[in-house]
Amino acid sequence: MLDTNHTVEVPEGIEIRLPLAGPVERSLAFLIDMMIRIGIYLVAGTIFGIMGNFGQGILLIMIFLLEWFYPVLFELFNQGATPGKKMMGIAVVNDDGTPVNWSSSVIRNLLRTADMFPLLYLTGLLSMLINREFKRLGDLAAGTLVVHKKAFTHSGKLPEQKPKQIGIPLTLEEQSAILHFGERSNRLSEARRYELADVLSPAIDGHSSQQRYQSILGVANWLRGRR
Amino acid sequence: MRQEEFEQQYRPIWQAFEENMRKFEIRAQRKELSEDDVKQIPSHYRTLCHALAIAKERQYSPYLIEHLDNLVLRGHQVIYSRRSQLRHKIIHFIAHGFPRQIQQQQSLFWLTSLIFYGPALVMFTLTVINPELIYSMVPPDQVNMFEAMYDPEARVLGRERASDTDFMMFGHYIQNNIGIGFRTFATGILFTLGSLFFLIFNGLFFGTVSAHIVNIKYNSTFFPFVIGHGSFELTAIVICGMAGIKLGWSLIAPGNLSRLDALKLATGKAILLMYGATLFLLIAAFVEAFWSSSTNLTNATKYTVGGILWLLVYGYMLWPRREASA
């Protein structure tokens with residue numbers, strides 16, 4: 001299947017899928033973080049500005065720390081997400097699916113300089129587009145991924161319908177497709193529901209689109225194990 | 001087993017697990033987890049993995065699989081997060097780890113030193129012979145700035161810097177010099193080119209400026225100023241370059257590995273060099289701001305201390321260490 005999931009095998013012997021984040025979300029997250037940093041500079045600049053040379057020294061150190069280590073700090077202590085990433089619903093993880101650790105985070109953020117070369121993250125963008133996992137150079141070297149963090153999963157509620165067997169044998173994939181359709185159906189518009197149900201019209205009995213839709217629901221209920 | 005029964009049988013465990021994860025992921029709520037809850041997590045996690053494997057195999061609803069997948073990922077992140085004894089590691093790294101890294105890669109270290117100091121020496125000699133060369137390397141107003149900075153007259157006139165200026169300069173050195181070090185490292189991933197550029201350029205620049213100072217006979221202010229922090233700073237730049245070249249070289253000549261694997265392996269070592277280099281740069285910034293610039297100290301003191309620092313730095317890096325025990 002063509003998708004943007006990265007599959008990782010965990011020690012328990014099963015595979016989990018990490019949905020990868022693409023260049024657009026990542027750029028937006030970067031912009032948000034940049035705004036936040038600029039905001040901090042403005043505030044700090046006014047506060048330390050009145051403190052003379054000493055304040056300026058502190059300001060310079062702060063700029064240094066924020067420019068280089070702002071992402072490291074959040075990636076380590078905020079589950080892999082800077083505030084910008086958090087807003088975009090993405091996070092950094094090691095490419096074996098474990099939380100990003102100290103040195104990986106430092107590496108990927110130091111190498112940001114190389115990704116910015118020559119300007120506007122051109123190198124990083126090229127690297128992301130060439131790469132199957134949307135990794136910029138820093139991610140390649142550190143072995144990290146940026147993934148979508150789903151706060152929730154859509155829980156499909158299969159509408160109750162009298163369970164009903166279908167006359168034709170179905171492969172596992174077909175069964176799964178029918179189940180999925182049933183569970184998604186309450187998120188589809190009525191017209192779309194019927195349209196999709198009509199695709200199966202010769203195989204499913206029923207005189208109108210609505211009847212066909214209901215008998216597909218019946219099959220789904222049967223497959224789900226309701227009797 | 002039908003999906004319905006399957007869900008009914010396992011749902012309580014999933015829900016308990018999800019609740020535990022939710023608490024665990026928020027630092028403030030972690031305390032709410034009782035000891036029993038924590039003990040349950042691994043066994044629940046294994047049951048969950050088992051359930052996911054079954055659900056996938058039997059092609060249960062995609063939503064169910066996605067939900068379990070998501071839960072397993074959260075559990076995986078909690079159970080396999082790496083714990084490190086940070087303080088012990090840091091001390092061990094400074095005492096043994098960092099020097100050993102340098103020693104294991106001594107040929108690269110000397111080669112990088114040559115790439116940095118070589119052009120510096122050449123340019124120094126050339127500029128001493130032909131003083132006009134300074135203007136081909138450094139813009140005239142910057143030359144004037146350097147001359148003003150190291151003018152012995154200005155010093156004798158008693159331009160004692162207040163200590164708060166020292167602190168400002170400390171900030172400046174941290175921001176500027178460590179930044180240069182990081183850039184020298186990072187751009188090395190572009191097939192070593194970036195590191196080479198920064199090393200050679202800074203070498204040429206440093207050589208030319210030193211020669212110019214000699215030409216205009218400001219020796220008595222410039223060299224006592226640079227000798228103190230130079231030991232840490234110049235060595236750190238060399239090490240940053242070395243780390244960068246390591247990255248780039250792993251892409252040029254990956255050996256038996258794939259380029260990606262070679263890069264990851266090289267980065268693991270290079271970042272250790274960078275930790276050490278960063279420490280050096282911090283010390284350098286400190287010395288530069290609070291020691292080198294002091295006008296109360298005689299030049300003899302500065303030369304002696306500076307010389308000892310150079311010996312210390314090289315002694316620290318090259319003195320043989322015991323082999324890694326772990």
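The numbers here are math on the coordinates, done by the rules we state, and not lab data. Just so we're clear, the structure is a prediction, and the values are computed from it rather than from any experiment. Cβ placement follows ideal geometry from the backbone for every residue including glycine, while neighbour counts extend to all protein chains displayed.
Could you list the chymotrypsin sites (Phe, Trp or Tyr not before Pro) in the range A:124-227 that lie in coil according to DSSP, counting only those with at most 11 other Cβ atoms within 10 Å of their Cβ? Those satisfying the criteria are A:PHE152. May I ask for the net charge around B:PRO139, where only other residues with Cβ less than 15 Å from the Cβ of B:PRO139 are counted and Lys, Arg are +1 while Asp, Glu are -1? Net of charged neighbours comes to -3. Among the trypsin sites (Lys or Arg not before Pro) in the range A:40-133, those placed in a DSSP loop whose Cβ has at most 13 other Cβ atoms within 10 Å are A:ARG132. Using the Cβ of B:GLN106 as centre and a radius below 15 Å, the other residues enclosed give a net charge of +4, where K and R count +1 and D and E count -1.
Relative to the longest principal axis of the Cα atoms of chain B, the long axis of helix B:219-252 lies at roughly 40 degrees.
Taking 8 Å as the Cα distance limit and 6 or more residues as the minimum spacing, I'd like the relative contact order of chain B as a percentage. Please list the in-between numbers first.
Details: 314 pairs, mean separation 70.0, N = 326.
Over chain B, the number comes to 21 percent.
Computed over the range B:254-302, the convex hull of the alpha-carbon atoms projects to a mean area of 5.1 nm². For q = 0.05 Å⁻¹, what log10 I(q)/I(0) does the protein assembly as shown give under the Debye formula with an equal point scatterer on each alpha carbon and no solvent? Calculated log10 I(q)/I(0) at the listed q: -0.32. Spin-label pair A:GLU173-A:LEU188: with each label point 7 Å from Cα along the Cα-Cβ axis, the two points sit 1.9 nm from one another. When the charge dipole of the protein assembly as shown is built from unit charges on Cβ atoms (+1 for Lys and Arg, -1 for Asp and Glu) and taken about the Cα centre, the candidate among B:PHE191, B:VAL287, B:SER34 whose Cα reaches farthest toward its positive end is B:SER34. Here the sum of -39500 (n - 2.57) over DSSP H runs of 4 or more residues, divided by the residues of chain A, equals -17500 deg cm²/dmol at 222 nm, to the nearest 500. Simple point charges give the picture: +1 on the Cβ of Lys and Arg, -1 on the Cβ of Asp and Glu, and for the range B:239-326 a dipole about the Cα centre of about 180 debye. For chain A, the membrane-span-like helices by this rule, meaning whole DSSP H stretches whose C-alpha atoms cover at least 24 Å of axis and whose Kyte-Doolittle mean is 0.5 or above, are A:23-49, A:52-77; this says nothing about an actual membrane.
Taking only Cα atoms, what is the 0 to 90° angle, nearest 10, from helix B:62-79's long axis to the longest principal axis of chain B? Helix B:62-79 sits roughly 50 degrees off the main axis of chain B.
Per the Kirkwood formula applied to alpha carbons, the range B:57-130 shows a radius of gyration over Rh ratio, Rg over Rh, of 1.48. Helix B:193-215 and the longest principal axis of the Cα set of chain B meet at an angle near 20°. Under 21 Å of direct C-alpha separation, and excluding same-chain neighbours fewer than eight residues apart, B:LYS23 reaches these lysines: A:LYS86, A:LYS149, A:LYS150, B:LYS31, B:LYS39. The distance linking the range B:77-153 with the range A:42-110 is 25 Å (Cα centroid to Cα centroid, whole angstrom).
Given only helices, namely DSSP H runs of n ≥ 4 each adding -39500 (n - 2.57), what is the per-residue ellipticity at 222 nm of chain B, to the nearest 500 deg cm²/dmol?
Using -39500 (n - 2.57) per qualifying helix, the result is -25000 deg cm²/dmol.
The alpha-carbon atoms of chain B define a convex hull whose volume equals 215 cubic angstrom per residue. Net charge near A:ASP198: determine it from the other residues with C-beta under 15 Å of the C-beta of A:ASP198, scoring Lys and Arg +1 and Asp and Glu -1. Its environment carries a net charge of 0. Counting only GluC sites (Glu not before Pro) that sit in a DSSP loop (anything but H, G, I, E, B) with at most 16 other Cβ atoms within 10 Å, what is the longest stretch of chain B containing none of them? In chain B, the maximal stretch lacking such sites is B:161-322.
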